[in-house]
1. What's the total number of residues in the range 185-201 that are within 24 Å of residue 26 (Cα to Cα) and not aliphatic (A, V, I, L, M)?
2. Can you pull out every residue in the range 283-316 that is out of contact with any Cys (no Cβ under 8 Å at 6 or more places or on another chain), more than 20 Å from residue 80 (Cα to Cα) and buried (at least 19 other Cβ atoms within 10 Å of the Cβ)?
3. Out of everything in the range 69-98 that is crowded, with 16+ Cβ neighbours inside 10 Å and of a type in the set (Val, Ile, Thr), what residue ends up being farthest from ligand 1 (Cβ to nearest atom)?
4. Does the range 326-347 contain any residue that is part of a helix (DSSP H, G or I) and without any contact (Cβ under 8 Å) to a residue 12 or more places away in the chain?
5. What's the total number of residues in the range 51-62 that are within 16 Å of ligand 1 (Cβ to nearest atom) and free of Cβ contacts under 8 Å to residues at least 60 places away in the same chain?
6. Among the residues of the range 224-237, is there at least one that is within 16 Å of ligand 2 (Cβ to nearest atom), hydrophobic (A, V, I, L, M, F, W, C) and under 24 Å from residue 98 (Cα atoms)?
7. At least 3 residues that are modelled with pLDDT of 95 or more and away from ligand 1 (no atom under 16 Å from the Cβ) in each: list the helices (runs of 4 or more DSSP H) lying fully within the range 176-286 that qualify.
8. Mind checking which pairs have a first residue in the range 73-88 that is of a type in the set (S, T, N, Q) and a second that is surrounded by 16 or more Cβ atoms within 10 Å (Cβ to Cβ) and not in a helix (DSSP H, G or I), Cβ under 6 Å, 6 or more apart or different chains?
Amino acid sequence: MPWSPDEPYNELPPLPPGVDFETKAVLRQAIRARAALAALDQAAKRMQNPMVLVHSLSLLEAQASSEIENIVTTTDDLFRYAYDPSDSASAETKETLRYRAALFSGLEAIRSRPLSVSTAVEVCTNIHRREMGVRQLPGTFIGDPQTGKAVYTPPTGEALIRDKLDNWADFIHSAGEIDPLIVMAIAHYQLEAIHPFEDGNGRTGRIINVLQLVEAGLLSAPILYLSRFIIRNKDEYYRLLLAVTRDGAWEEWISFVLRGLYETATTTLRKIDRIHELQEAMRAEIKRHTTAGSNSDLLDVLLENPYARIGSVMERCAVSRPTATAWLNALVDNGTLADLKIGRDRLFINTSFMRILTRDDPPEAPAEQTQF
Ligand SMILES: Nc1ncnc2c1ncn2[C@@H]1O[C@H](COP(=O)(O)OP(=O)(O)O)[C@@H](O)[C@H]1O
Ligand SMILES: [Mg+2]
């Protein structure tokens, strides 16, 4: 039966793809992305405090990946509640924080056993904080946001879905000679096309991407996330996923993902350089304007928790409330931190750091577009 947008696609072919996807162009892009990723991983390993990056980038990834699914929260709310969860956080903020928790529990899980179908089930369950088994009922489809009409209807039947998931997990581990970045791209399409859950497939798939990179040994810490790239290229993301189904357009899809990996690795590496510079500048400011001297705990807490509270400084630096307050006020006065009061909450925002993290560096312009 030919594929049709509103019929369950029970004939979704198993992996590996039946076409030659390792074209010269794809292999070239894979090499470029691998080099960028290796440089990023090296730079992260050399960081004085790699947790600085892990904490904040994972939160921003949670925000971006959730935003793709129309779960929107502000950076202020997200960082404010990340270190002090509270019932007053909005439903969207809570759901976004669950995404990050799901990411970390996934990372924890693959330390002790290989990524598998149950990893995906666990990740999806943690995102929703309720048991998310494989879909048992028909009726799930991907609709056009404008018209509501079905664009793609995933396979139905629990046993069939499970078979396809087993094939997906086998492919990830038995792909042999295929470059792990290409494996990741292929596996991401396949998981989305199987669409095993009633909801959360996109977010689960994007978490699995990172888990694969870590499992393959390409990243020692979770610091490379594609969701910002996907937001910038959202129409293309949807169009190319569909084009694999409709036209077998694997090369275009893989090439899109490899471009995303390359661009993101390159911009994240640049962020690390800027963070190094900021760290040195802040160290000098702390020395000049506070009595914390060369104690690096204050610097660390302001970078690990860029929305710090007085209590966070007291705890981390083991100082009294008046001392912590005096240090933070001095850094507000000299412009290093911004003071944000929300109700009874007083936060000290490391604005330069947040700017480095959130600035979406435009990808380097291709040579032919360079203007003289
Ligand atoms: N044509 C398509 N074929 C397969 N997957 C698609 C297609 N279009 C979009 N998707 C995937 O479906 C995801 C949305 O599925 P959904 O279960 O609602 O995930 P979430 O709850 O995380 O939003 C998108 O993020 C994308 O990854
Ligand atoms: Mg959804």
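1. 4
2. Across the range 283-316, the qualifying residues are 286, 290.
3. Among those residues, the one meeting the criterion is 75.
4. Yes - at least one qualifying residue is present in the range 326-347.
5. Of the residues in the range 51-62, 1 are within 16 Å of ligand 1 (Cβ to nearest atom) and free of Cβ contacts under 8 Å to residues at least 60 places away in the same chain.
6. Scanning the range 224-237 turns up at least one residue that is within 16 Å of ligand 2 (Cβ to nearest atom), hydrophobic (A, V, I, L, M, F, W, C) and under 24 Å from residue 98 (Cα atoms).
7. Correct list: 180-194, 201-215.
8. none
The values are calculated or read from the model by the stated rules, or taken from the named source; none is laboratory data. The structure displayed is predicted, hence computed values, not measured ones. Heads up, the Cβs are rebuilt from the backbone with ideal geometry, glycines too, and the neighbour counts pull from every protein chain shown.
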